[in-house]
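Since the structure comes first, as structure tokens, the remarks are kept for the end.
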């Protein structure tokens, strides 16, 4: 082995380590960039969906109450007609 071969081998190894480090850092940055969002940015769509669900629930509660009232009136009519 010659000294020039050792120098070239050392440079190849160092270059490989540097490239691996840069690639790993790039991939890690991509994974963690998603987590850089603020909590408000993440929760805004969830809050919107929750508001929609609450509105639907309120509307269904009103409809259910109306249906119960209609059912009670119909039951009264049936019981009055049966007498």
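Every read-out reported here was derived from the displayed coordinates using simple, explicitly stated rules and does not represent laboratory data. The shown structure was predicted, so the numbers you read here are calculated from the model rather than taken from an experiment.
Here are a few things to note about the model shown:
- Helix 3-33 axis versus longest C-alpha principal axis of the chain: approximately 10°, rounded to the nearest ten.
- Calculated on alpha-carbon atoms, Rg and Dmax of the chain in Å: 35.4, 117
- Gain in span if fully extended, residue 77 to residue 18, counting 0.36 nm per residue against the direct Cα distance: 12.6 nm
- For segment 38-83: span of alpha carbons on each principal axis (Å, largest first): 68, 8, 6
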